[in-house]
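The values are calculated or read from the model by the stated rules, or taken from the named source; none is laboratory data. These numbers come from a predicted model, not from an experiment. Here Cβ is always computed from backbone atoms with ideal geometry, including for glycine, and neighbour counts include all displayed protein chains. Accessible surface areas use protein heavy atoms only, side chains included; no ligands, DNA or RNA. Shrake-Rupley method; radii C 1.70, N 1.55, O 1.52, S 1.80 Å.
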Amino acid sequence: MRVKVTDLTIGNWSLSRVFLAASIVVMGTATAIVGVWVSNRIQNAVVQNSANSAALYMESVVSPLSQELAHGDRLSEQASLALDEIFMTQPMRDRIVSYKFWKQGGVIAHASDTDIIGNRFNPTDDLRRAWSGDISGSFEELDHAESAAEASLGIPLLEVYSPIRELWSGEIIAVAEFYERADQLELDLAKARRTSWLVVGSAFLASTIVLYSIVAIGDKTIRRQGTLLKQRLTESERMAEQNARLRSRVVDASERYATQTDRFLKKLGAELHDGPAQYLSLAALRLEAAFSQEAERPKEAEEIQQSLQKSLAEIRAISRGLSAPDIDSLSLVDVVKRAVEDHSEHSPLRPDVSFQGIQAPELSLSGKLCIFRFLQETLSNAARYAPASKCTVISEAQHDCIVVKVKDDGPGFDRSEETTLRDDGGQGLMGLRDRVESIGGRFEVASRPGEGTTISMTLFPRRLGTS
């Protein structure tokens, strides 16, 4: 399998640049959120501190004059005149633009704007907090109905709510609301915002520079490693191609060797049959003729005659075993049929034969011999170890390979016995495996005690013609 390595890119952007851009966007969003949060916190803190300072100052002025509200909803004329006189003095008038005194339920008990005295308004959140005992303030939040007159002034105002307590009991009897000019507060808040954004922005810029440096170094390292990986992959591919060529040459050599060996054995078997076997047969006939006139043959002659017959039988058996079948011109189907028929001539086992798939790819002589020997050995094993079982030979031709299987429902065997030699010295499945794998095939055994056996071989013809 050939693996292709490319740069990790999205369009014209490398993955590291995409990561950097995404990180900057995330960091920018987080920085904006943090900046807004810090700015609001600073503003709230400054406004609350300013409100606390103003409330403490005003409480010392208005608290003695507003004690009448503990027993009524309005101030007396003398108290109202005193408050008006206090708020009309030059220092107070430059600082406070208007004021209101609230009773429970949102009723205005007294105000610098006499037109709204006695009116009822919906309590704001700041007014509710003041009734609960907290000083509260807000900057430039004049969007309530009761603040319409102050909003029309068009100047920055700090709206402060301060609870008024009864001197002896400490209970809240009213809430004083006043609007303080906040020109300097506006400048201080603007400066605080600029400072906070400058700090947050500097931190973001520093983080971006650090992140860019890390990503740039990492990107450079990744690219360098990618180049080395490509070089190593190219070298690996070159070595893999070289190994594939060497393996192909080994398989070719194995096929040629197997073919030449079978041909040599076939020729050797023929030479034994036509040479020593014929001479032994002739010697036996001459010996038979030499003593045919005598009434009683010598015992030595009888022993020689028996030895010659035994030697002749052994040589003929060796000749038959060495002779390879004449299957060079046979197709896959004919090779399988020939192997099954040859086995059936000397065995009671009658296997079923099944052919599947497309037209078989062209096989070399070594491939045909391998299939023939495979069927010889596996059918012989089935007849030896599972004589009463149902045996099936399956031949399947595919586009790039040929699969031959021998299945039986016999007693099966332990797979560890696959690599042991037989008692008669034969190699059994080990020899089959070596024969199949030597020409580039695959050999598989599936068996368990009591579950039958399936032995299969897979060849991969390369359409190089017969050997």
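Would you say Gly367 is in contact (Cβ under 8 Å) with a residue 12 or more places away in the chain, in contact with a Ser or Thr (Cβ under 7 Å, 6 or more places away or on another chain) and either over 24 Å from Glu437 (Cα atoms) or part of a helix (DSSP H, G or I) (or both)?
Numbers: in contact (Cβ under 8 Å) with a residue 12 or more places away in the chain: yes; in contact with a Ser or Thr (Cβ under 7 Å, 6 or more places away or on another chain): no; either over 24 Å from Glu437 (Cα atoms) or part of a helix (DSSP H, G or I) (or both): yes.
In short, no.
Against the test of being open to solvent by 30 Å² or more (accessible area, probe 1.4 Å), assigned to a helix (DSSP H, G or I) and modelled with pLDDT of 70 or more, the options Arg338, Arg316 yield a single qualifying residue, Arg338. Checking each residue in segment 362-418 for being touching a Cys at 6+ places or on another chain (Cβ under 7 Å) and over 25 Å from Leu459 (Cβ atoms) picks out no residue at all.
Residues in segment 356-408 that are surrounded by fewer than 18 Cβ atoms within 10 Å (Cβ to Cβ) and hydroxyl-bearing (Ser, Thr, Tyr) were compared, and the one that is nearest to Ile455 (Cα to Cα) is Thr392.
Being part of a loop (DSSP other than H, G, I, E, B) and within 11 Å of Pro351 (Cα to Cα) is the filter here; which residues of segment 389-416 pass it? Passing the criteria: Ser389, Lys390.
Given the criterion loosely packed, with under 10 Cβ neighbours inside 10 Å, modelled with pLDDT of 65 or more and of a type in the set (S, T, N, Q), identify the matching residue among Ser329, Ser311.
Working: Ser311 fails: loosely packed, with under 10 Cβ neighbours inside 10 Å.
That would be Ser329, the only listed residue that is loosely packed, with under 10 Cβ neighbours inside 10 Å, modelled with pLDDT of 65 or more and of a type in the set (S, T, N, Q).
Conditions tested, residue by residue: (1) under 30 Å from Arg41 (Cα atoms); (2) under 47 Å from the mean Cα position of the chain (by Cα); (3) open to solvent by 80 Å² or more (accessible area, probe 1.4 Å).
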| residue | (1), (2), (3) |
| --- | --- |
| Phe178 | yes, no, no |
| Ala182 | yes, no, no |
| Ala192 | yes, no, no |
| Phe204 | yes, yes, no |
| Thr221 | no, yes, no |
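Screening Leu187 against (1) exposed (fewer than 14 other Cβ atoms within 10 Å of the Cβ); (2) more than 60 Å from the chain's Cα centre (by Cα) leaves a single unmet condition, (2).
What residue, of Arg74, Arg93, Arg128, Arg120, is under 27 Å from Asp183 (Cβ atoms), open to solvent by 20 Å² or more (accessible area, probe 1.4 Å) and of a type in the set (Lys, Arg)? The unique qualifying residue is Arg93.
Checking each residue in segment 434-453 for being of a type outside the set (A, V, I, L, M, F, W, C), surrounded by 13 or more Cβ atoms within 10 Å (Cβ to Cβ), closer than 27 Å to Ser389 by Cα and within 38 Å of the chain's Cα centre (by Cα) picks out Arg442, Glu444, Ser447.
To keep it simple, each residue is scored yes or no on (1) closer than 30 Å to Glu437 by Cβ; (2) at pLDDT 70 or above; (3) part of a helix (DSSP H, G or I).
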{"site": "Arg238", "(1), (2), (3)": "yes, yes, yes"}
{"site": "Thr259", "(1), (2), (3)": "yes, no, yes"}
{"site": "Leu272", "(1), (2), (3)": "no, no, yes"}
{"site": "Leu280", "(1), (2), (3)": "no, no, yes"}
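Only residues that are in contact (Cβ under 8 Å) with a residue 24 or more places away in the chain and in a strand (DSSP E or B) were counted in segment 100-143, giving 12.
For segment 282-305, the criterion of a residue being of a type in the set (Ser, Thr, Tyr), more than 22 Å from Thr261 (Cα to Cα) and modelled with pLDDT of 70 or more is satisfied by no position.
I'm checking my understanding of the structure. Among residues of segment 341-367 that are modelled with pLDDT under 90 and of a type in the set (A, V, I, L, M), which one is nearest to Arg442 (Cα to Cα)? It comes out as Leu363.
Number of residues in segment 144-186 that are under 27 Å from Glu68 (Cα atoms), part of a strand (DSSP E or B) and of a type in the set (D, E, K, R) equals 4.
Does segment 27-50 contain at least one residue that is modelled with pLDDT under 75 and not in a helix (DSSP H, G or I)? No, every residue in segment 27-50 fails to be modelled with pLDDT under 75 and not in a helix (DSSP H, G or I).
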